Each structure stands twice: as structure tokens, then as C-alpha cells.
Amino acid sequence: MDFETVIGLEIHVELSTRSKMFCGCSTEFESAPNQNTCPVCLGLPGTLPVLNREAIILAVKAGLALNCSINRKSKMARKNYFYPDLPKAYQITQNELPICSGGYVEFDCEGRHCKARINRVHIEEDAGKLIHLEDQPCSLVDYNRAGIPLIEIVTEPDIRSPLEAVSFLRTLKAILEYCEISDCRMEQGSLRCDANISVRPKGQKGFNTKVELKNMNSFRELQKALETEEKRQRELYLAGEEYRIIQETRRWDAAKGRTIPMRSKEEAREYRYFPEPDLLPVTIQEDVIKRIKETIPELPAQKLSRFVGEYKLNQSEAEVLVSDKALSEFFESTVKEGAHPKTAANWVLGDLLRILNEKKISAKNIPVKPSSLCQLIGLIEKGVISNTAGKEVFRELFESGKSPEEIIEDKGLSQISSEDVLIRLVRQVIEENPESVASFRKGKTQAAGYLVGQVMKASRGKANPKMVKELVDKELAGL
Amino acid sequence: MSIGCMSAEGIRKGIADGKFSAEEITVQYLERIKSKDSEIGAFITICEEESIKQARTVDNKRKKGEPLGRLAGVPIAIKDNICTNGIRTTCASKMLEDFIPPYNATVVDRLIMEDAVILGKTNMDEFGMGSSNENSAFKITRNPRDTGRVPGGSSGGSAAAVAADMVPASLGSDTGGSIRQPAAFCGVVGLKPTYGLVSRFGLIAFGSSLDTIGPFSKTVRDCAILLDVIQGGDGKDSTSHTGHYEKDYIHCMDGTVEGLKICVPEEFFNEGLDREIFQLVKKSAEILKDLGAKVEEVSMPVISQSLPAFYIISSAEASSNLGRYDGIRYGYRPEEYENLDDLIEKSRTEAFGDEVKRRIMFGTCVLTSGYYEEYYVGALKIRRILCDQFDELFSKYDIILGPVSPVLPFKIGESPKNPIDRYLADIYTATANLAGIPAISVPCGFSSEGLPVGLQMMGPRFGEKRILQAAYALEQALQLKL
């Protein structure tokens with residue numbers, strides 16, 4: 001039987017505001033436990049929330065970037081449940097009237113063009129974090145995260161494979177990063193993705209029972225979790241045991257590589273949503289939306305086609321560059337400094353990415369100036385240094401604040417292009433290698449190559465190889 | 001000098017004129033509390049050291065010739081659900097018995113800014129839920145007019161403290177009548193302001209869309225002075241009003257009501273109303289008429305549905321607001337517990353009183369899917385209609401007049417046994433909270449047994465000026481010996 005998989009995603013994204021959603025506390029990730037807390041985000045009695053304007057602006061920006069319509073009036077609501085990481089015993093979120101509704105994201109998956117509709121984007125506050133101690137019968141709570149503004153992005157069930165889900169999420173992440181809505185760090189939890197998945201025979205119109213998956217902390221885990229659940233459901237259908245697929249929430253266990261039931265629909269929590277009486281409805285004026293629209297930069301898809309068209313890069317090169325806004329900007333700045341696009345792309349996608357990976361530096365923090373890379377490329381093209389030496393200089397640029405010329409100078413890497421110096425070296429090598437000269441005379445032309453190599457060696461790689469070759473040929477011919 | 005007949009206004013003037021010091025006043029009131037409160041039980045916490053320190057600060061200011069605040073040296077009591085920095089704030093609940101807030105409510109900051117002296121924190125029904133102060137986890141409060149009777153509630157301690165001359169003025173909170181009903185029972189003035197006029201920051205929430213903070217005092221002028229100090233927009237409360245409103249209360253209080261249009265809804269005079277209260281309220285309406293106001297009878301049928309709507313909305317919000325008391329971060333925590341669920345369950349079972357539990361359960365129920373539409377949404381609809389009908393009435397009238405409580409102060413231990421009957425205490429007051437409009441309770445006479453009776457006057461949103469004007473005129477005309 002041919003199956004079709006149906007996936008919908010719910011993505012939580014921490015907004016990159018400086019302060020929390022309802023108080024002035026910092027949103028810094030690295031702070032000591034409970035350092036970023038105050039009576040408001042700790043939910044002490046008598047305190048009241050005051051909405052962070054910046055969070056609204058970022059949520060609207062996200063909605064616009066995801067082609068949503070922005071609701072001129074939306075409402076905050078309370079979602080009530082008991083858990084120690086939720087200091088007020090309710091989360092301030094949106095229910096009936098979200099800030100953005102109806103949108104879509106276009107993305108590519110294995111060369112196919114896909115589109116997933118967005119149902120809604122709403123704003124809400126994050127909860128704190130429980131830390132379970134291994135040896136002791138108690139848990140600790142860190143409220144630094146409590147009250148950090150989030151948006152929840154809910155897609156329609158438009159995604160048809162685990163790989164598509166990953167492609168969608170990568171595209172979404174790039175859009176959010178481009179708009180500086182979030183730093184989208186899955187490993188730090190600033191981008192979290194839950195998935196609803198069901199399978200059905202191909203051609204069937206209606207949806208089968210769906211299962212919600214939680215706790216996927218990377219793209220790879222998302223894909224693996226979905227593939228595992230897809231397989232589990234397909235096998236149950238094939239075995240005629242589809243009744244065993246029940247509407248439930250399952251937790252992905254990365255270590256065990258399987259999904260584990262968390263709670264069924266019957267056990268689903270009763271959240272007792274109702275309008276938040278401490279906050280007025282969120283109203284957004286037309287001119288505010290217009291102003292936010294103007295702050296949306298060129299998005300990844302547009303940039304991709306521009307890079308292919310303007311810089312004649314191939315699709316896969318452009319895709320890698322564009323997947324990271326900072327990387328694409330570094331590349332483009334290097335080109336604007338005067339470097340040839342193709343050469344610049346080779347450097348960025350080759351040596352630069354390699355060193356960034358090695359040193360675990362994000363593209364946002366590249367310590368090298370695009371102008372330096374451009375100069376370096378120029379120096380290689382002019383023959384001042386060899387390509388090999390160029391790689392060494394580039395690596396050095398990460399360490400020191402010096403210019404390429406200074407590094408070349410310090411390390412004595414500049415190419416020897418002086419004919420006087422080179423001819424002396426060539427003559428010396430010819431003298432020292434009479435047997436090679438002899439075999440050249442006997443017609444073994446590769447002997448000339450050997451001599452060139454010896455000259456390069458004698459110059460410790462600094463000799464201009466093109467000139468050396470010419471001089472060796474000339475000397476041999478003249479003998 | 002007898003503090004018994006001193007108004008806040010008089011105290012401020014006496015201190016400013018150097019007749020007595022703020023410290024002398026504070027010490028006298030503290031002594032009065034010491035001798036009187038063992039009988040009344042109005043206070044949960046007395047701030048002896050802090051108040052004397054604050055009084056000395058005021059005296060120093062005067063000595064140095066610095067300008068004095070509008071409440072310089074005036075001793076004030078604060079209901080114990082209003083947060084005071086460094087002073088425990090209990091809500092009269094075992095749950096918060098040892099809770100010391102690290103912040104002041106905005107109203108407390110504003111009082112201190114005007115050099116008031118906080119004398120103590122007053123008893124109340126636990127979390128504001130009740131109409132007799134019998135729901136306090138700590139002790140009952142007695143009505144100073146007849147110590148065998150309740151002072152009303154939930155701000156019973158604040159009302160009794162003023163009535164017993166233990167402070168010239170106090171703050172209470174009103175979610176469904178909790179300022180006005182105890183003011184009526186104790187024979188003092190109590191004002192529930194327009195929702196949004198006074199910041200709620202630091203008021204421990206009961207029903208967030210209904211809660212208001214307001215003053216108790218002996219005189220209408222003091223009430224206006226206190227309101228003037230505590231009112232005004234606040235960046236810490238998004239629901240506080242930042243726009244324009246009428247501030248000049250004192251100047252319109254000239255004893256006249258000439259041209260004021262007053263209406264009396266017939267629904268306020270139903271069969272449940274005590275005969276003596278009925279007569280005193282009607283008499284007050286006549287007096288206002290004689291003073292030059294236009295008084296007319298009207299009908300406002302939705303009033304009869306407002307009490308159920310009030311209980312649904314207030315309990316729903318309370319069930320959510322009180323969720324945070326889980327024994328984890330602060331407040332009561334049981335000695336022993338098995339696991340997380342047990343900790344939360346035991347904390348709440350052991351530390352909440354019966355009335356609080358009843359409302360949490362009721363509120364939880366009306367928000368649960370399956371009931372939400374019928375009860376909660378239904379209540380919101382009634383609230384909307386009520387607001388519309390008030391708007392309609394206030395397009396024609398300045399003031400709506402009626403009783404505060406259907407009954408006279410009842411004897412301690414004689415609250416109706418059935419909760420539904422107890423809830424009838426709010427029947428005339430809860431409407432103002434649902435509509436967010438201001439309402440004052442002003443003494444209008446005594447029953448044959450000598451028990452005080454209050455008159456209620458409601459105004460349109462931010463219409464405090466007119467109800468204070470009429471209340472003052474009535475006060476002057478009646479000249480009651482309070």
C-alpha cells in the first residue's frame with residue numbers, strides 16, 4: 001500500500017527582546033540561575049504584567065515575514081495549569097484572537113518547490129526551567145526563562161514528509177534570523193518544534209488519527225523522530241492494527257531512538273482559557289504595521305535568486321551562503337570590496353567555513369574583515385603570494401588584527417618575482433643537478449618539472465612558480 | 001485634644017500649624033489601638049516602630065521648613081491585601097501568614113509620598129471573600145457600634161478601625177461591595193472608585209476585572225482628600241487610566257446639589273430589603289430633593305441578574321489568581337509531602353479557608369470547557385448589558401441612588417448558613433463593580449436599635465466628583481452624630 005504522511009508543526013520561538021514580556025528583567029541566556037527575576041516574573045502576589053512593546057513589534061514582523069494578516073485587535077488570555085516552573089499557575093498567551101493569522105512559507109525540498117500554510121502566530125510568555133537532581137529527592141527551579149516573550153507559529157497540516165518538515169523548519173529559521181526576530185538556537189531552546197503526524201493511504205482525502213511529538217532538540221532529531229513515528233504508524237496500518245494509533249502526545253527519546261507515550265487525549269489537560277483581565281486588548285495601528293513592514297530585510301528566497309542571477313553562483317553554492325544571513329553578508333561585502341564573486345564564494349564556502357567550524361565561531365562573529373579577504377584575493381591574483389601561502393595568511397587573519405600585507409611581511413611569505421634572485425637560484429639548481437640536465441637533453445622533458453620543483457623547494461615555496469618555470473625552460477634551452 | 005473627633009484634614013492642619021507633632025499624634029493613635037483593638041480586632045499587624053519613625057521624618061520636615069505632603073502626619077490603616085514593603089501582608093489567610101512583600105503597592109507609595117503614617121494592616125475576610133470578616137483565618141473583627149455584631153466585609157477591619165477612632169482614615173478594597181458594605185455597617189464613609197482610577201499594583205488579586213482600592217473616612221471631605229492622593233494612572237498597572245479625569249473634588253463640595261439629576265431604580269427596593277433601611281434611604285432621597293436635586297424613579301431590570309454574573313466572573317478570576325499559592329515559592333508549605341502533586345494539594349487544602357475553596361471550585365467549574373460558554377460567557381453578556389443600561393441611565397442622570405446592604409449589621413455567628421443567602425449581601429453593590437463605575441457609601445441614619453445605615457450613590461465612570469458633591473451635601477444636611 002502506498003502511504004502519504006501528513007505533518008503539521010508548532011514552533012515556539014523566543015523573541016530577541018532585551019527585556020522580558022511583562023517586566024524589565026533581562027533575557028540573557030548565560031546568567032546565573034534566578035538572576036534575571038523580579039516580583040513580576042516570579043508572580044508574587046499583587047504584581048501585574050505590563051506588555052513589552054518590542055515583543056509585539058517582533059511578533060508583527062514575524063507575521064508579515066510569514067505572509068500573515070495582522071489582526072488590528074488581539075487579546076491576551078490565561079492558560080491555567082499547575083507546574084512549579086509556571087510561577088502564576090497560568091501562562092499569559094493568546095487563544096481566541098491571535099496577533100497574526102493565515103500565512104504561508106515557500107521552501108525547497110530536494111529540488112521540489114513546496115509551500116506550507118501558516119494557521120496562526122500568537123504571542124505568549126515562556127515558563128521557567130526545572131532542574132532534576134540525580135542523587136537527591138528534590139528538584140530546583142530556575143525562573144530566568146519565566147516571562148521571556150515567545151511566538152508560537154502553527155502550520156496547517158501541509159507537510160508531507162519528515163525531510164520536508166526539516167526543510168520547512170530550516171527555511172523558517174532563516175526567515176526569522178534574517179528579520180532578527182530570534183536567534184533561533186535550537187540547542188539553547190530559543191527555537192523549539194513540536195510536530196503532529198499521521199499517515200493515510202495515498203489518495204485518501206480525510207486525515208487519520210494524529211500523534212503529537214515533543215522534545216526534538218535539533219533538525220536531525222526532528223527528522224529522526226518523524227521518521228520513527230511515520231514507520232511505527234505505517235507498520236500498524238499494514239498489520240491491520242491501526243486502532244492502536246490513538247490521539248496522544250509522545251515524547252521523542254533521542255538516546256533510545258524511539259517515541260514514548262506521554263498522555264492521551266483523555267488525559268489532555270483542561271486549561272480553562274479565559275481573557276486576561278490584567279491586560280487591555282492589543283491594538284495595532286495601521287501606520288505601525290507600515291513602519292514594521294519597512295524594517296523587513298531581503299528574505300532568504302529573494303537573496304538566493306539574486307545571488308544566482310547577479311553573481312552567477314550555482315544554486316547549491318548560493319543556498320549555503322544564504323542559509324546563514326551573516327555568512328551571506330560577509331560574502332556580499334567581500335564582493336562589494338572588489339573581489340570576484342566566484343573567487344569570494346570559493347573562499348567563503350571553503351576555507352572560511354572550515355575555520356569557523358573548527359573554531360566553533362558563528363558567522364555573526366567572523367573576526368576577519370571582508371576587506372581583508374578581498375585584499376588577500378587581490379594579492380594572490382597579482383602573484384604577490386602563492387595560493388598556498390594565501391591560505392596560511394587567511395588563517396592568520398583570524399588570530400591577529402593585522403592586514404594581509406603585514407602578515408605576508410612578518411612571515412616573509414611574499415613571492416619572489418625578482419628575475420635577478422630567481423635566475424641565481426635556477427642556475428644553482430641546474431649546477432647541482434647535472435644528471436637531471438642530462439636526462440632532459442636525452443628528451444625526458446619531465447626532468448624540467450623536477451628542476452622547477454627543486455627551485456621552489458630552495459626558495460621555501462616563495463618563488464613565483466610561473467616565472468621559475470619560464471626561467472628553467474630558458475636556461476635549459478640556452479645550455 | 002481628643003483624637004476621637006479629628007479628621008485627617010484637621011490632623012494635617014494641626015501638624016502644619018505646630019499645634020501638635022506628627023509623633024504625638026501617632027503615639028496617641030497607637031495607644032488608642034492598644035487599649036481598644038483587643039476588643040475590636042481590626043488589626044492584624046500594628047506597625048509601631050515604622051509609624052513612629054515615619055512620624056519623626058514628617059516632624060523633621062516641618063522643622064526644616066520643607067513643604068509638607070497633603071497627608072502629613074495622618075495615621076492611616078491599610079487593608080491586609082495591599083502590599084507594604086517589609087511589612088507582612090497576609091490577606092488574612094494562613095497561606096500568606098508570613099508573606100513579607102519586597103515592594104509597596106502604588107497606593108502605599110502615594111500615601112507615603114504625601115507624608116502619611118502607615119499605622120498597621122487591617123483584618124479582612126480571607127482574600128476578600130466574605131461580607132462579615134468572619135472568614136479571616138486569624139480572628140473576627142467586631143463592629144464598634146455594637147460589638148456583638150459583625151463590621152461587614154471584606155474590608156471590615158479598615159471600616160472598624162475608622163469607626164473605633166483607631167485611625168482617622170484607612171484603605172480598603174472593593175470587588176463586589178467590600179468597601180461600601182462595611183462602611184454602611186460601621187457608620188463611616190467608604191468609596192469604591194471607578195475601575196482604573198486607582199492603580200491595582202500591589203493589591204493582591206481576587207477578581208482582577210472588578211478589584212478596586214478605595215478610602216474609608218469619617219467625613220466626605222477626608223474621603224475626597226484620600227482619593228485625590230491615591231488616584232491616577234500608573235505604569236505598573238496596564239488597566240489604570242492615563243487619560244483625563246475630573247480631579248477637583250473638594251471645590252465642588254459646597255453643600256449644594258442644585259440641578260443634580262438623581263434616579264432611584266425600583267429594583268433596589270425589592271422584598272429582601274430591610275424595612276428600616278428602605279425608609280432611611282427614601283428619606284435621604286427626599287432630603288436631596290429638598291436641597292434642589294431632581295429625583296426620579298426608574299427601572300433597570302438587568303440589576304436582578306447581576307449578582308449571579310458577579311459571582312461567576314469574580315470566582316472564575318479568583319480561581320486563576322489564587323493558583324499561584326502552591327507552596328513552592330512562598331507562603332504556606334506542609335511539613336511533609338510525598339511528591340509534587342501532594343505538595344500542591346496539601347498546601348492548598350491546609351492553608352485555604354472554606355469560603356476560598358468554595359469560590360476556587362466554583363470558578364474552576366465555570367471556566368471548564370462544556371460550562372464556559374453557558375456560565376462564563378453568559379455572565380460576560382449580562383455584564384455587557386448592565387454596562388449599556390448604566391450608560392443609558394447616566395446619559396439622563398448624574399447619580400443612581402439606592403441602599404448599600406439589604407440588611408442591618410447582623411450578630412456575629414448569625415450569617416446565613418446557606419452560601420447563596422450569604423452572597424445576597426452583595427446584591428446592591430456588585431453592579432457597580434461589574435460596570436466599573438464609582439459608588440460611595442455614606443451614613444444616612446440609624447435603625448431603631450441604633451445601628452448605622454448607609455446610602456449608596458453611584459456615578460458614571462470617572463464621575464466621582466458628582467457623588468462626592470451629593471454625599472457631602474447629605475452629610476451636611478443630616479449632621480449625624482457618628
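Among the residues of the stretch A:437-479, which ones are farther than 26 Å from residue A:384 by Cβ and either of a type in the set (Phe, Trp, Tyr) or touching a residue at least 40 places away in the same chain (Cβ under 8 Å) (or both)? If the condition is that a residue be farther than 26 Å from residue A:384 by Cβ and either of a type in the set (Phe, Trp, Tyr) or touching a residue at least 40 places away in the same chain (Cβ under 8 Å) (or both), then A:437, A:440, A:450, A:476, A:479 are the ones that fit.
None of A:321, A:304, A:327, A:299 is closer than 23 Å to residue A:105 by Cβ and in contact with a Cys (Cβ under 9 Å, 6 or more places away or on another chain) except A:299.
Taking the criterion of being farther than 30 Å from residue B:373 by Cα, modelled with pLDDT of 95 or more and touching a helix residue (DSSP H, G or I) at 6+ places or on another chain (Cβ under 6 Å), the residues of the stretch A:257-296 that qualify are A:292, A:293, A:296. Of all residues in the stretch B:2-39, those satisfying the criterion of being small (Gly, Ala, Ser) and in a loop (DSSP other than H, G, I, E, B) are B:2, B:7, B:18, B:21.
Looking at the stretch A:32-132, the strands (runs of 3 or more DSSP E) lying wholly inside it that each contain 2 or more residues that are within 14 Å of chain B (Cβ to nearest Cβ) and closer than 23 Å to residue A:184 by Cβ sit at A:90-93.
Go through the stretch B:388-426 and count every residue that is in contact with a helix residue (DSSP H, G or I) (Cβ under 6 Å, 6 or more places away or on another chain) and in a loop (DSSP other than H, G, I, E, B). Final tally of qualifying residues: 6. Could you list all residues from the stretch B:106-117 that are buried (at least 24 other Cβ atoms within 10 Å of the Cβ) and either out of contact with any Lys or Arg (no Cβ under 8 Å at 6 or more places or on another chain) or without any contact (Cβ under 8 Å) to a residue 24 or more places away in the chain (or both)? Matches in the stretch B:106-117: B:107, B:108, B:111, B:116, B:117. Can residue B:314 be described as modelled with pLDDT under 95, in a helix (DSSP H, G or I) and buried (at least 21 other Cβ atoms within 10 Å of the Cβ)? The answer is no for residue B:314.
Taken together, B:163, B:92, B:105 contain a single residue that is in contact with a strand residue (DSSP E or B) (Cβ under 8 Å, 6 or more places away or on another chain), closer than 25 Å to residue B:225 by Cβ and within 14 Å of chain A (Cβ to nearest Cβ), which is B:105. Being in contact (Cβ under 8 Å) with a residue 24 or more places away in the chain and touching a Gly at 6+ places or on another chain (Cβ under 6 Å) holds for only one residue in B:224, B:285, B:184, B:205, and it is B:184. Restricting attention to the stretch B:359-374, the residues that are within 11 Å of chain A (Cβ to nearest Cβ) and touching a residue at least 60 places away in the same chain (Cβ under 8 Å) add up to 0. Residues of the stretch A:161-174 that are touching a residue at least 60 places away in the same chain (Cβ under 8 Å) and either touching a strand residue (DSSP E or B) at 6+ places or on another chain (Cβ under 7 Å) or more than 20 Å from residue A:117 (Cβ to Cβ) (or both): A:161, A:163, A:164, A:165, A:167, A:168, A:169, A:171, A:172. Among residues belonging to the stretch B:205-234 that are hydrophobic (A, V, I, L, M, F, W, C) and in a loop (DSSP other than H, G, I, E, B), point out the one that is farthest from the other protein chains (Cβ to nearest Cβ). Here the answer is B:206.
For (1) surrounded by fewer than 15 Cβ atoms within 10 Å (Cβ to Cβ); (2) farther than 30 Å from residue B:362 by Cα, each residue gets a yes or a no:
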position: B:255; (1), (2): yes, yes
position: B:259; (1), (2): yes, yes
position: B:270; (1), (2): yes, no
position: B:273; (1), (2): no, no
position: B:279; (1), (2): yes, yes
position: B:300; (1), (2): no, no
position: B:303; (1), (2): no, no
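Number of residues in the stretch B:311-358 that are within 9 Å of chain A (Cβ to nearest Cβ) and aromatic (Phe, Trp, Tyr) equals 2.
The values are calculated or read from the model by the stated rules, or taken from the named source; none is laboratory data. None of the values given here were measured: they were computed from a predicted structure. Positions of Cβ are backbone-derived with ideal geometry, glycine not excepted, and every protein chain shown enters the neighbour counts.
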